[in-house]
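Worksheet: one structure, shown below.
The values are calculated or read from the model by the stated rules, or taken from the named source; none is laboratory data. Bear in mind that the values here come from a model prediction, so they are computed numbers and not experimental data. Every residue, glycine as well, gets a Cβ built from its backbone with ideal geometry; the counts of neighbours run over all protein chains shown.
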Amino acid sequence: MSGGRVESRVRNAELPMPRAYRLWFEHTTKCPDCKGKPKAQDGCEAGRELWGAYRLARTGRTS
Ligand SMILES: [Zn+2]
């Protein structure tokens, strides 16, 4: 009887972000071009795309 819960909405908003970040992080551990770079923008094209996806997930913007 607690009324509408916002929990599922929060989960939906949070889920893509850590996943996208993990994908980028895993890429940087394997990719010699991205490994050890202080900025994601200094990495290879694939790394920058993964970073861009993470930033999109973080800001909640899809376009
Ligand atoms: Zn890379």
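Points worth noting:
- The residue of the stretch 3-24 that is modelled with the lowest pLDDT, among those that are hydrophobic (A, V, I, L, M, F, W, C) and touching a Phe, Trp or Tyr at 6+ places or on another chain (Cβ under 9 Å), is MET17.
- Members of the stretch 16-56 that are within 13 Å of the ligand (Cβ to nearest atom) and in a loop (DSSP other than H, G, I, E, B): CYS31, PRO32, ASP33, CYS34, LYS35, GLY36, LYS37, LYS39, GLY43, CYS44
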